[in-house]
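Asks: Handing you this structure, nothing more for now.
The values are calculated or read from the model by the stated rules, or taken from the named source; none is laboratory data. Please read all numbers here as calculations on a predicted model, not as lab measurements. Here the Cβ positions follow ideal geometry from the backbone for every residue, glycine too, while neighbour counts run over all protein chains shown.
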Amino acid sequence: MSVLVYIDHFDGHIKPSSFEALSYGSEVAKLLKTDAVGVLIGDVKDDVAGLGKYGVKKVYSVATDFTFDAQQYAQAIHEVATKAGADVLVFSHNPNGKALAPRLAVRLQAGIVTGVVELPKVDQGFVVKKTVFSGKGFAFVEIQSSKKVVSVNPNSFKPIVGSGTATIEKIDYKLNTPKTKVIKVNKAEGEVPLTEATLVVSAGRGLKGPENWGMIESLAHTIHAATACSRPVADSGWRPHHEHVGQTGVQIAPDLYIAIGISGAIQHLAGVNRSKVIVVINKDPEAPFFKAADYGIVGDAFEVVPKLDAEFKKIIK
Amino acid sequence: MKILVCISKVPDTTSRIAFTNNNTQFDETDIQWILNPYDEWYALVKALELKEQESGSVVHLLTVGTADVDPIIRKGLAIGGDEAIRINLNSADSYLIAQQIAQVAQAGGYDLVLTGKETIDYNSSVIGGLVAEFMNAPYVSLASKLTSQSNVVSIEREIEGGEEIIEASLPLVVSCQKGMAEQRIANMKGIMGARSKPLKVVEPTNTNTQTKIVRFELPPAKTGVKMVAADNVAELVRLLHEEAKII
Ligand SMILES: Cc1cc2nc3c(=O)[nH]c(=O)nc-3n(C[C@H](O)[C@H](O)[C@H](O)COP(=O)(O)OP(=O)(O)OC[C@H]3O[C@@H](n4cnc5c(N)ncnc54)[C@H](O)[C@@H]3O)c2cc1C
């Protein structure tokens, strides 16, 4: 018996969300009095043995030149899961995790719960807490099958860093030729991916037009934050679609969410209300967003934001 | 092309979420039900666009649910689906739902199975992947663009930190999100026509589940906002630095 964690990577580097998944898997292993191990498919430039500091004892490494393909990668993970005698599989609830986790559930005939935000309760069965209703609620779900697949919401479980080193075991398994092929990757240059960001600066229709986003980008740059926006802003083409947060956009849970010129409609709040601290800047004191905020400023964004940027610059190098 | 679109019924986005029965059940009082936005706006409309491109194509809708889902199915037919199938089962277990969908999808010989990227109630984002594995078909998740030319499908897929351009062949399962298509609204002719389009009800082949919802919880309410004067922005920075300790 063991807990197997999928280690995701992009551009030669292990994804920060995988550090969270590794720590989560290691803590689950402790609860179940067993060991956590990892599986890595393809090559990375990072120190793989160093992942031991997140609590995994061993990393199974499968070599391949094929680009990501859910079907063939899932088969490789299944191979490793069998070898490792894995009963619990842990993924990050990120784009690749969303593609892989369900396939493994079918292969292992395992119950699957995704978007998990806490460690399971294992005193009576195996009960995990997940977000539901796009952030408006949580459900506690019992996985009753003997094998289990869970995926962890990014930014919900802080990595726990210890000191171990992991052994690396190369697996002699050749992936079949995938039926899908990545022919090009468009990297979002220099930006912090929204789902991974711990700090987010977001703006809405109150900004009047795309030409006014300079001050938002500057503020985000100052505090090393990702940028986000409300739905009408993305729909009007003022900002790219991947910045749209809310019930029908990206759901995020950063440490800090600064909302500028956003009214705080229920569909918007659903996507951001798990943020640890919410700051609202709005010229209307009646804006509903203030009810969901920790700190608020009633004022004109065009005056407040540049001042805020200048103040942050004083304390951040 | 023969296209299957998986649709589901969800609470309207403006719904206030509450739970009853000792927090073990979703409170459906006063809830308006809608077609899941990702299914409607992106998966269904993409299917219709593909159909319009290639004569002889059909778009079938598939849902897992009891008769109370029928109005949602009719809406999908009004927007442009040709026929619908409902698997007569009420369950929140993704594994079971997907298994049932896959059996129908396999038997129907579809070239393309489209789902929304997730439902806005359980947000699991798993049905497409489960169905694909049950069918032993390739799967591309979180697609924001899709074009098809002589059975080669080109897809733009979201990844953390950018997007991938993927080439795939049919049969294929794809989950759809923003960017895929422009939302369409059902017109009068569509609504009238939908009433007479075929809606077939089939019984599930099994009802075994792997998971069970034990209870629900609402997120903790905010304790109240601390207001800072607009001419004292430095105070906000101090609070974030010293009180919240975030910056
Ligand atoms: C099915 C459905 C799904 C939806 N999903 C989403 C979703 O996922 N995400 C989402 O965001 N929305 C979503 N919406 C839309 C949502 O209902 C709101 O319409 C939207 O969030 C409003 O965006 P906004 O706050 O940017 O604009 P507005 O509501 O127009 O608010 C603009 C705000 O800016 C303030 N303002 C104006 N000028 C200034 C200034 N100079 N300085 C400071 N403040 C200023 C105003 O006081 C106002 O509060 C959805 C709607 C539906 C029907």
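Asks: Could you grab me the full set of residues in segment A:252-270 that are at pLDDT 95 or above, more than 9 Å from the ligand (Cβ to nearest atom) and surrounded by 24 or more Cβ atoms within 10 Å (Cβ to Cβ)?
Replies: A:Pro254, A:Tyr257, A:Ile258
Asks: Next question, about the same structure. With the requirement that a residue be of a type in the set (A, V, I, L, M, F, W, C) and surrounded by 22 or more Cβ atoms within 10 Å (Cβ to Cβ), what does segment A:191-205 give you?
Replies: Within segment A:191-205, A:Leu194, A:Ala197, A:Val200, A:Val201, A:Ala203 meet the criteria.
Per-residue answers, yes or no, for (1) more than 9 Å from chain A (Cβ to nearest Cβ); (2) of a type in the set (A, V, I, L, M, F, W, C):
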| residue | (1), (2) |
| --- | --- |
| B:Gln183 | yes, no |
| B:Arg195 | yes, no |
| B:Val201 | yes, yes |
| B:Asn206 | yes, no |
| B:Phe216 | no, yes |
| B:Lys222 | no, no |
| B:Val225 | no, yes |
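Asks: Scanning for something within 16 Å of the ligand (Cβ to nearest atom) and closer than 18 Å to B:Gly162 by Cα, does segment A:196-208 turn up at least one residue?
Replies: Taking every residue of segment A:196-208 in turn, at least one turns out to be within 16 Å of the ligand (Cβ to nearest atom) and closer than 18 Å to B:Gly162 by Cα.
Asks: Could you list, in sequence order, the residues of segment B:1-27 that are within 19 Å of B:Val214 (Cβ to Cβ), without any contact (Cβ under 8 Å) to a residue 24 or more places away in the chain and part of a loop (DSSP other than H, G, I, E, B)?
Replies: B:Asn21, B:Asp27
Asks: Can you list residue pairs whose Cβ atoms sit under 7 Å apart, with the first residue in segment A:221-239 being more than 19 Å from A:Leu308 (Cβ to Cβ) and the second being polar (S, T, N, Q) and buried (at least 21 other Cβ atoms within 10 Å of the Cβ)? Count only pairs 6 or more apart in sequence or on different chains.
Replies: Hits for this filter: A:Arg231/A:Thr248.
Asks: Tell me which residues, restricted to segment A:97-145, are in a loop (DSSP other than H, G, I, E, B), among the β-branched types (Val, Ile, Thr) and either touching a Ser or Thr at 6+ places or on another chain (Cβ under 8 Å) or facing chain B (nearest Cβ under 7 Å) (or both).
Replies: A:Val117
Asks: Write out, first by first residue and then by second, each pair whose Cβ atoms fall under 6 Å of each other, whose residues are 6+ apart or on separate chains, and whose first residue, in segment B:114-137, is facing another protein chain (nearest Cβ under 7 Å) while the second is of a type in the set (Asp, Glu) and not in a strand (DSSP E or B).
Replies: Taking only residues 6 or more apart or on different chains, the pairs are B:Ser125/B:Glu118.
Asks: Which one of these does A:Asn273 not meet: (1) within 12 Å of chain B (Cβ to nearest Cβ); (2) more than 14 Å from the ligand (Cβ to nearest atom)?
Replies: Here A:Asn273 clears every test but (2).
Asks: Another question, then. Any chance you could count how many residues in segment A:289-302 are near the ligand (Cβ under 8 Å from one of its atoms) and surrounded by fewer than 22 Cβ atoms within 10 Å (Cβ to Cβ)?
Replies: So the answer is 3.
Quick grid of which residues meet (1) over 19 Å from A:Asp87 (Cα atoms); (2) surrounded by fewer than 18 Cβ atoms within 10 Å (Cβ to Cβ):
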{"residue": "A:Ser26", "(1), (2)": "no, no"}
{"residue": "A:Val37", "(1), (2)": "no, no"}
{"residue": "A:Asp46", "(1), (2)": "yes, yes"}
{"residue": "A:Gly50", "(1), (2)": "yes, yes"}
{"residue": "A:Tyr54", "(1), (2)": "yes, no"}
{"residue": "A:Val59", "(1), (2)": "no, no"}
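Asks: In addition: Quick check on my filter: what residues within segment B:15-63 are of a type outside the set (A, V, I, L, M, F, W, C), under 14 Å from the mean Cα position of the chain (by Cα) and more than 14 Å from chain A (Cβ to nearest Cβ)?
Replies: Across segment B:15-63, the qualifying residues are B:Lys46, B:Thr63.
Asks: Would segment A:228-251 turn up any residue that is more than 9 Å from the ligand (Cβ to nearest atom) and β-branched (Val, Ile, Thr)?
Replies: So far as segment A:228-251 goes, no, none of its residues is more than 9 Å from the ligand (Cβ to nearest atom) and β-branched (Val, Ile, Thr).
Asks: Additional query: Taking segment A:211-226 as the search range and keeping residues that are away from the ligand (no atom under 14 Å from the Cβ) and polar (S, T, N, Q), which one is surrounded by the fewest Cβ atoms within 10 Å (Cβ to Cβ)?
Replies: Once the filter is applied, the top-ranked residue is A:Ser218.
Asks: Quick check: is even one residue across segment A:170-184 at pLDDT below 95 and either closer than 21 Å to A:Ala84 by Cβ or within 7 Å of another protein chain (Cβ to nearest Cβ) (or both)?
Replies: Within segment A:170-184, one or more residues are at pLDDT below 95 and either closer than 21 Å to A:Ala84 by Cβ or within 7 Å of another protein chain (Cβ to nearest Cβ) (or both).
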